[in-house]
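Notes follow once the structure below has been shown.
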Amino acid sequence: MRMLMVGLDNSGKTTIVLKINGEDTSVISPTLGFNIKTITYQKYTLNIWDVGGQKTIRSYWRNYFEQTDGLVWVVDSSDLRRLDDCKMELDNLLKEERLSGASLLILENKQDIKGAPNPEEIAKVLNLEAMDKTRHWQIVGCSAYTGEGLLEGFDWLVQDVASRIYVLD
Amino acid sequence: MENEEEVLATSNEPLDPNLHKKHISMIERLSNRHQIRLDNSLARQSESDSSSSSTATAPTTASFLSRFSDSKRSIDSQLAQSRLTDPAQLRSHLDSISASISDLEKLVAESSYFLPSYEVRSSLKTISDLKQTLENLNSELIPKKKFSFKNKASKQDRDRSVSDSKQTAPGNADSFSVSLEKLSFQVRDSPGLRNKNGETLVKNFKGSEIGEFTVSDLDSCEVRLIGSVRALFVHRLKNCRVYAGPVTGSILIEGAEDCVFVMASHQIRIHNAKGTDFYLRVRSRPIIEDSTGVRFAPYCLSYEGIEEDLREASLDEETGNWGNVDDFKWLRAVQSPNWAVLPENERVGMVQISNSGDGIEGN
């Protein structure tokens, strides 16, 4: 299964991928370009594409859209000021035809930081209820720091992609 | 994908025979999908490689490299021709180069799953160099648009389109205002120092429950942050000095002019900084984006108990990363003109800050 991880810079995409894979997360530089990780998750092999989120390289995201089964949108819950940017970039992404079939997992990261709004509040700001009704999506609060919520999120994503493939063929 | 069956075979999970059958058929579909993808990319490959049968059998680095360098050569020669192109044709000529560069970029993305990471990096760098050359040509050869009249027209267009979209999609317009309302409400709630001019602001995090902290819209202030926080956001500072204890997560700076920052963190991102000095200790590589005239030096802060704070934040060791700056606006091997190492004779000495004194406690 091919998973694409995107989101604003500083949201924790690389940390999430390394954490899921059980790797050291103590020294991670902002991603200049992208990382690809192949991991075995449950019975599936996931190809996770972790693409840098800095403004300059967001225009490169579209190069990775093709054949994406699962889309992971990562949000820095503590970055209130840029939630509007975050909403705008997500809206743009969801207009993309090549991603229209992909299941969408929204990870509200950094829930461990005191004062961060909870996933429901963020869902409201991002206006997720207004999304295209055919989209399969799920929002999960998580912390790449403690690992909380990550497995719950990816369990859903992998199951959803798997069940869609059942129906599809 | 190929080892899925293997994984399944070694799985000890007891399976209902029905489920098991279903599962196997799904795995088959998954591997079929994967095979189709491979075949597709092979087909693409062999289309262009039809002359050499040996490389058509598998996606190889060599065949990628030859395609890549062929395209690069042709783009290079198109770029060189730009200066000789009839001005009337110039714009379309440059557009077609831009399209070729995008195609090349796409080729790298499609091939990246089998390429060694070095090749991916170096080809992405080549692409960004090509883009830069094209951009330079663009600004050099195409005269700047005359703004006076067009600008007004486009503004009207924009206004019209905004009101149009309001009429046609009231749902969207509503959601936007809802989100803004919501945002301003939340921003008020989050702890920070904001909207000050010419003050000394002190905040001590020791024993506090604060996780993320915001410093924003300050002019000519000195900010002292003692103790450690998880996340620090800095936004729109002018002519300020900011001294901060360790941040165990990340620092995000957006908009700073003529400032001095002394800070320690696991990650630091700097956007839109101008004429600003950073004295940093950082576990990963600091990055700058849309910044000019920024200079870097090692961390030099001291307050009572800082050693312990740094140790607890795993920031007690100097990593030397303060000088390993990545400039996202300068993706090439030569040194970026946007930042420099601060010469030793221009650095401030050790900065000693304390809790007491004329400081104003933040909220």
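Restricting attention to the range B:94-114, report how many residues are within 27 Å of A:Thr38 (Cβ to Cβ) and more than 10 Å from chain A (Cβ to nearest Cβ).
Counting residues in the range B:94-114 that are within 27 Å of A:Thr38 (Cβ to Cβ) and more than 10 Å from chain A (Cβ to nearest Cβ) gives 4.
What's the total number of residues in the range A:77-98 that are more than 8 Å from chain B (Cβ to nearest Cβ) and open to solvent by less than 40 Å² (accessible area, probe 1.4 Å)? I'd like the intermediate steps shown before the answer.
Pass one, the range A:77-98, residues more than 8 Å from chain B (Cβ to nearest Cβ): A:77, A:82, A:85-86, A:88-98.
Now restrict to residues that are open to solvent by less than 40 Å² (accessible area, probe 1.4 Å): A:77, A:82, A:86, A:89-90, A:93-94.
Residues meeting the conditions: 7.
Can you find, within the range B:251-270, the residue that is farthest from B:Gly323 (Cα to Cα) among those that are open to solvent by 10 Å² or more (accessible area, probe 1.4 Å) and within 10 Å of chain A (Cβ to nearest Cβ)?
Initially, the range B:251-270 is screened for residues open to solvent by 10 Å² or more (accessible area, probe 1.4 Å), giving B:254-255, B:257-258, B:260, B:266-267, B:269.
Among the residues that remain, those that are also within 10 Å of chain A (Cβ to nearest Cβ) are: B:254, B:266-267, B:269.
Values: B:Glu254: 20, B:His266: 15, B:Gln267: 14, B:Arg269: 14 Å.
The qualifying residue farthest from B:Gly323 (Cα to Cα) is B:Glu254.
Out of A:Gly115, A:Gly101, A:Gly52, A:Gly70, report the one residue that is under 22 Å from A:Gly149 (Cβ atoms) and either in contact (Cβ under 8 Å) with a residue 40 or more places away in the chain or more than 10 Å from chain B (Cβ to nearest Cβ) (or both).
None of the other options fit; the residue is A:Gly70.
Restricting the search to the range B:320-346, which residues are within 13 Å of chain A (Cβ to nearest Cβ), open to solvent by less than 60 Å² (accessible area, probe 1.4 Å) and within 15 Å of B:Asn272 (Cβ to Cβ)?
B:Asp327, B:Phe328, B:Asn338, listed by residue number.
Go through the range A:124-146 residue by residue and tally those that are of a type outside the set (Val, Ile, Thr) and open to solvent by less than 20 Å² (accessible area, probe 1.4 Å).
Within the range A:124-146, residues that are of a type outside the set (Val, Ile, Thr) and open to solvent by less than 20 Å² (accessible area, probe 1.4 Å) number 5.
Take the range A:3-48 and flag every residue that is closer than 21 Å to A:Arg164 by Cα and either among the small types (Gly, Ala, Ser) or at pLDDT 95 or above (or both).
A:Met3, A:Leu4, A:Met5, A:Ile48
Identify the single condition in (1) at pLDDT 95 or above; (2) open to solvent by 20 Å² or more (accessible area, probe 1.4 Å); (3) not acidic (Asp, Glu) that A:Leu107 does not satisfy, given that it satisfies every other one.
(2)
For every residue, the table says whether it meets (1) touching an Asp or Glu at 6+ places or on another chain (Cβ under 8 Å); (2) assigned to a loop (DSSP other than H, G, I, E, B).
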{"residue": "A:Lys114", "(1), (2)": "yes, yes"}
{"residue": "A:Glu120", "(1), (2)": "no, no"}
{"residue": "A:Glu129", "(1), (2)": "no, no"}
{"residue": "A:Asp132", "(1), (2)": "no, yes"}
{"residue": "A:Gln138", "(1), (2)": "yes, no"}
{"residue": "A:Tyr145", "(1), (2)": "yes, yes"}
{"residue": "A:Glu148", "(1), (2)": "yes, yes"}
{"residue": "A:Asp155", "(1), (2)": "no, no"}
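Going by the conditions given, is A:Arg98 over 26 Å from B:Ile210 (Cβ atoms) and either under 14 Å from the mean Cα position of the chain (by Cα) or not in a loop (DSSP other than H, G, I, E, B) (or both)?
yes
Could you please let me know if B:Leu90 is away from chain A (no Cβ under 14 Å), at pLDDT 80 or above and within 26 Å of B:Trp330 (Cβ to Cβ)? Reasoning before the result, please.
Details: away from chain A (no Cβ under 14 Å): yes; at pLDDT 80 or above: yes; within 26 Å of B:Trp330 (Cβ to Cβ): no.
When the stated conditions are applied, B:Leu90 does not pass them.
Out of the residues in the range B:47-84 meeting the condition of being crowded, with 16+ Cβ neighbours inside 10 Å and either in a loop (DSSP other than H, G, I, E, B) or of a type in the set (Ser, Thr, Tyr) (or both), tell me which one is modelled with the highest pLDDT.
B:Ser71
Condition test on B:Ala333, is it touching a Pro at 6+ places or on another chain (Cβ under 7 Å) and not polar (S, T, N, Q)?
no
If I ask for residues that are within 14 Å of chain B (Cβ to nearest Cβ), within 14 Å of the chain's Cα centre (by Cα) and touching a residue at least 40 places away in the same chain (Cβ under 8 Å), which ones from the range A:127-150 would you list?
A:Ala144, the sole residue that qualifies.
As an exercise: evaluate A:Ile57 against (1) open to solvent by 60 Å² or more (accessible area, probe 1.4 Å); (2) at negative phi; (3) within 9 Å of another protein chain (Cβ to nearest Cβ) and give the number of the one condition it does not meet.
(1) is the only condition that A:Ile57 fails.
Could you pull out the residue among A:Leu71, A:Leu18 that is under 29 Å from B:Arg33 (Cβ atoms) and surrounded by fewer than 20 Cβ atoms within 10 Å (Cβ to Cβ)? Full working, then the answer.
Working: A:Leu71 fails: surrounded by fewer than 20 Cβ atoms within 10 Å (Cβ to Cβ).
Answer to the check: A:Leu18.
The values are calculated or read from the model by the stated rules, or taken from the named source; none is laboratory data. These numbers come from a predicted model, not from an experiment. Note that we place each Cβ from the backbone using ideal geometry, even for glycine, and neighbour counts take in every protein chain shown. These accessible areas exclude ligands, DNA and RNA; they are computed on the full protein's heavy atoms, side chains included. Shrake-Rupley method; radii C 1.70, N 1.55, O 1.52, S 1.80 Å.
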